[in-house]
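What follows is one structure encoded as structure tokens, with my remarks underneath.
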Amino acid sequence: MGCCGSTAATPAPQEHFFTQYKLGKKLGEGAFGQVRLVVDRSTQKELAVKIVDVRERDEHGACSGAVSKSRDRVTRTEVDLWSKASGTDCEYIVKLYKSFAEKSLYYMVCEKCQCSFMDRLVEAESMSEADLAKIFRHMLLGVFHTHEVGIVHRDIKPDNFLWGGPNNSVLKLCDYGLAVMMPKTGKLSGVFGTAPYMAPEMLRNEGYDFLADVWSIGSVAYLLVFGSFPYSPSEASAPAMKKAIIEDHPPLHFPALSDAQGVVSGSLVGALDFTKMLLKRSAKQRPTAAEALRHEFVAEKVVKLPDANEFDPLLRKNAHKARSLTQQMRQKRDSTVQHGIDDLLKKLIIKNGGDISSSNIFFSEGDEKLDQEEEEPRSMEPRMKRRSSRRDVKHSTHSGVIDQSGSLKFDMSPNSAVDSRASGKSAPGDVPGLSNRC
Ligand SMILES: Nc1ncnc2c1ncn2[C@@H]1O[C@H](COP(=O)(O)OP(=O)(O)OP(=O)(O)O)[C@@H](O)[C@H]1O
């Protein structure tokens, strides 16, 4: 692969990532890459960079050194579609500033966010209906603007929303790795995404469109309101989950919102109605993102004032359940992939005149700057606790699918985030047209 520095939209072959940015600490890990802090050398502004390694790997993660054509194509598509969505200047989409493809690594320079949606939800000191309404309004706005430019995201789930923007109070959609442009025919095919959030029409192979993303938001809403996925098959596996969604069995049901004493949580009535509206099994009866934004639960004109001390007891309980479930869904991170990228980056830093020995970015799990911030008064979002990147890195580096209690849970990931574009080959037992993402 040749060097091709570019702005997100316009190719500019003379630009190179390392001449413009100084690489910093790791903020998170993905299946094929990592996200790091960067500093723009000309403005000193802190940003983030998603680095994706497109080299061929065998099933043990060993790397041949050659570029994988399919992974290269998939990553190019991710850059193109993220760039297009980001071009809407919607504040509810993580902004992509520039992208580079050099030495089998893609660099996507984007705005730096504070933390993931789920991390803050669990650590929040309060959570009211007003907070929930804001969350879904932001999610819908990111999805709406994505749809406006003809893109179906196909991987709407809690992990793909990050808190950022002014006071870190804006929820932003990210990860366009499975996104696709809606074709002229108006229908898409193929199963993509993460099993518990997949729309029935996608799994039934009936053809789907933007409304598949709306179903996924409905699944996230269900998760937060009830603390479980809309479908909870007895066997905890991706195939069983897909079967349950296809067959509506055990049937989709909305339990009474009551606590152990049988007291109905009145504050969640609006959220429940909103969730029911999004989770219409028939896509024809489901609202578009624009229509959903007019539902009175999320509509801007309906003013809801959060009470600083309010934490709906059901929401508190469900936030922890939801966090545990979403952690089980995460794909196992392959340390070989991470080490491979780190090795390449070290060589590139040295080649570009940097000094690895005086830098701890590859050896430290911590992020001193953010740790210091944690000791400062929480001025930005007072009711939400910060989460240090030290814990982030430790968790993602070592834990795989280990939950908060440290116990290893069932793993839905091998079939949960699927992308037939990524690997180009099927694994035994895969549904035709489906292959694992990693
Ligand atoms: N712009 C950003 N600012 C700060 N942290 C980020 C940013 N983007 C991603 N992260 C962190 O990095 C982690 C990995 O992000 P990425 O999008 O690569 O992962 P992923 O979606 O889990 O990966 P994959 O698409 O391979 O499954 C996120 O969970 C988040 O914690």
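The values are calculated or read from the model by the stated rules, or taken from the named source; none is laboratory data. Just so we're clear, the structure is a prediction, and the values are computed from it rather than from any experiment. Don't worry about glycine lacking a Cβ; one is built from the backbone with ideal geometry, like all the others, and counts go over all protein chains shown. SASA here: full protein model, heavy atoms, side chains in, ligands and nucleic acids out. Shrake-Rupley method; radii C 1.70, N 1.55, O 1.52, S 1.80 Å.
So that you can scan it fast, the table gives a plain yes or no per residue for (1) among the basic types (Lys, Arg); (2) touching a strand residue (DSSP E or B) at 6+ places or on another chain (Cβ under 8 Å); (3) modelled with pLDDT of 90 or more:
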residue	(1), (2), (3)
Met1	no, yes, no
Gln20	no, yes, yes
Val39	no, yes, yes
Trp82	no, yes, yes
Ala85	no, yes, yes
Thr88	no, no, yes
task = Identify all residues within segment 18-47 that are open to solvent by 30 Å² or more (accessible area, probe 1.4 Å), within 13 Å of the ligand (Cβ to nearest atom) and not in a strand (DSSP E or B); write none if there are none.
result = Phe32
query = Do you know which residues across segment 102-130 are under 25 Å from Leu344 (Cβ atoms), among the charged types (D, E, K, R) and away from the ligand (no atom under 11 Å from the Cβ)?
reply = Glu102, Lys103
request  = Please tell me if Ser86 is within 15 Å of the ligand (Cβ to nearest atom), free of Cβ contacts under 8 Å to residues at least 40 places away in the same chain and open to solvent by less than 10 Å² (accessible area, probe 1.4 Å).
outcome  = no
task = Kindly indicate whether Thr7 is modelled with pLDDT under 80 and under 25 Å from the mean Cα position of the chain (by Cα).
result = yes
note = If we ask which residues in segment 75-108 are closer than 22 Å to Pro158 by Cα, over 16 Å from the mean Cα position of the chain (by Cα) and of a type in the set (A, V, I, L, M), their number turns out to be 0
ask   = Which residues, taken from segment 96-134, are assigned to a helix (DSSP H, G or I) and of a type in the set (A, V, I, L, M, F, W, C)?
value = Phe117, Met118, Leu121, Val122, Ala130, Leu132, Ala133
Scan of segment 192-204 for residues that are in contact with a strand residue (DSSP E or B) (Cβ under 6 Å, 6 or more places away or on another chain) and surrounded by fewer than 24 Cβ atoms within 10 Å (Cβ to Cβ), ordered by number = Glu201
query = Given the residues Tyr176, Tyr222, which is the only one that is away from the ligand (no atom under 16 Å from the Cβ), in contact (Cβ under 8 Å) with a residue 12 or more places away in the chain and at negative phi?
reply = Tyr222
key: Residues (within 15 Å of Gly33 (Cα to Cα) and acidic (Asp, Glu)) located in segment 56-72   = Glu56, Asp72
ask   = Got at least one residue in segment 149-156 being in contact (Cβ under 8 Å) with a residue 40 or more places away in the chain, in contact with a Lys or Arg (Cβ under 6 Å, 6 or more places away or on another chain), of a type outside the set (Val, Ile, Thr) and at negative phi?
value = no
key: Matching residues in segment 50-80 - criterion: being open to solvent by 50 Å² or more (accessible area, probe 1.4 Å), touching a residue at least 60 places away in the same chain (Cβ under 8 Å) and within 16 Å of the ligand (Cβ to nearest atom)   = Arg73
query = Quick one: in segment 284-295, which of the residues that are open to solvent by 30 Å² or more (accessible area, probe 1.4 Å) and part of a helix (DSSP H, G or I) is nearest to Leu140 (Cα to Cα)?
reply = Ala290
remark   = Taking segment 326-343 and keeping residues modelled with pLDDT under 85 and of a type in the set (A, V, I, L, M) leaves Met329, Val337
message = Taking the condition of being more than 24 Å from Gln114 (Cβ to Cβ), part of a helix (DSSP H, G or I) and not charged (D, E, K, R), how many residues in segment 48-80 meet it?
response = 4
